[in-house]
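The values are calculated or read from the model by the stated rules, or taken from the named source; none is laboratory data. Since the structure is predicted, the reported quantities are computational estimates derived from the model, not experimental observations. Glycine gets a Cβ as well: all are built from the backbone with ideal geometry, and neighbour counts include every protein chain shown. Keep in mind that these areas ignore ligands, DNA and RNA; they rest on the heavy atoms of the full protein, side chains included. Shrake-Rupley method; radii C 1.70, N 1.55, O 1.52, S 1.80 Å.
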Amino acid sequence: MSSNIHLRSLMPEFFKLSKTTVIKGMQCERYLYLLKHKPKEKTPHDALTLQKFASGKSFEATFKETFPGGLAVDHILGKDIYAIGSSFTKAVFEQKQAATLFEACFLYRQTLIMTDVCRLHEDGSFDVYEVKNGTAVKEAFIRDMAIQYYVIKNARPGLAHFYLVLNDGEDGFLIKDMAEELETELSRFEELIPRLLASLIQAEEPAVAMGEQCHRPYDCEYIAYCTKKK
Ligand code: SF4
């Protein structure tokens, strides 16, 4: 399927936060600050973590194959997805045709998120699918979906379903509609997003002591850095 969209006509839209950085900022504001200001101090992921990322990507790719003809926004735009991904997505919505997008982009309050699968329907409604290679809903998955849900709900009307796609244990799919649960998470972002945006432009690194948050929900990439600075 072709998008018939003239890429040169799309306006760039800028962002300061992404799904990943919001999630890391929720874990620890110092983590978010360091990602922005000291990226070279990160500890590289170990082999086991990289292997988990790879198997997650492979599971996601298998799910995407169930939507033949889907438009892969990341493939169409390459690195330009960060500048014009949300304009491109809007342009596809404005065509008012049924379509499936992989990595559709939504932007609200300088926060850019990309969805694994977004299905647009002719009546203007749409469904989003977030794919996780796990067999049960985890708190970390809820966080990941909640920021997406918040941005999408504010960026565009018509979201009908927000599905979580899990592994059924035999590499098949177990699909749950999470919209009702995610609705209860919306209010926390009203205060959180402005706070995270403000923390990025602080002159000093936030004075957050090391604690349980360094390992929850995942090990922070700055444990070695913060331990050295203690
Ligand atoms: S190691 Fe702990 S204190 Fe340091 S940035 Fe990471 S989560 Fe925050």
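Given their separation in residues at 0.36 nm each and the Cα-Cα distance between them, Glu183 and Phe67 gain 39.1 nm when the chain is fully extended. For the chain, carbon and sulfur atoms together expose 53% of the accessible surface, with a 1.4 angstrom probe and every protein chain in place. Relative to the first principal axis of the alpha-carbon coordinates of the chain, what is the inclination of helix 139-155, with its axis defined by its Cα atoms, in degrees from 0 to 90 and to the nearest 10? Once rounded, one gets 60 degrees. Rounded to whole numbers, the Karplus 3J(HN,Hα) couplings from phi for region 80-86 are 5, 4, 5, 8, 10, x, 6 Hz, using 6.51 cos²θ - 1.76 cosθ + 1.60 with θ = phi - 60°, and x at Gly and Pro. Angle, helix 187-200 long axis vs. longest principal axis of the chain, Cα atoms, 0 to 90°, nearest 10? Between helix and principal axis, roughly 60 degrees.
Placing a pseudo-label 7 Å from each Cα along the Cα-to-Cβ vector at Glu41 and Asp123 gives an inter-label distance of 5.3 nm.
Over the chain, DSSP H runs of length four or greater, each weighted -39,500 (n - 2.57), average out per residue to a 222 nm ellipticity of -13000 deg cm²/dmol.
Give Lys16/Lys96; Lys19/Lys57; Lys38/Lys90; Lys57/Lys138; Lys16/Lys40 a once-over and call out the pairs whose C-alpha atoms are over 27 Å from each other. As for pairs spanning more than 27 Å Cα to Cα, those are Lys16/Lys96; Lys38/Lys90. Per-residue Karplus couplings for region 117-133, computed as 6.51 cos²θ - 1.76 cosθ + 1.60 with θ equal to phi - 60°, are listed in order as 9, 10, 9, 8, 10, 5, 7, x, 7, 8, 10, 10, 10, 10, 9, 10, 7 Hz, Gly and Pro entered as x.
When Ile76, Ile193 are compared by accessible surface with a 1.4 Å probe, the order from highest to lowest is Ile76, Ile193.
Computed from Cα atoms, the angle from the helix 47-64 axis to the main principal axis of the chain rounds to 20 degrees.
Centroid-to-centroid, using Cα positions, region 180-200 and region 11-84 are 19 Å apart. Within the chain, all pairs of alpha-carbon atoms sorted by distance into 10 Å bins from zero give the percentages 7, 30, 36, 22, 5, 0.
Residues His75, His121 ordered from highest to lowest accessible area at a 1.4 Å probe: His75, His121.
In order along region 17-33, phi translates into HN-Hα couplings of 10, 10, 4, 4, 6, 5, 4, 6, x, 5, 5, 5, 5, 5, 4, 4, 4 Hz, rounded to whole numbers, per the Karplus curve 6.51 cos²θ - 1.76 cosθ + 1.60 with θ = phi - 60° and x for Gly and Pro. The order of the peptides 89-95, 46-52, 104-110, 223-229 by mean Cβ neighbours within 10 Å, most packed first, is 104-110, 89-95, 223-229, 46-52.
Averaged over its residues, region 7-229 has an accessible area of 53 Å² per residue, based on protein heavy atoms and a 1.4 Å probe. Label-to-label distance for Glu170 and Leu7 is 4.2 nm, based on points extended 7 Å past Cα in the beta-carbon direction.
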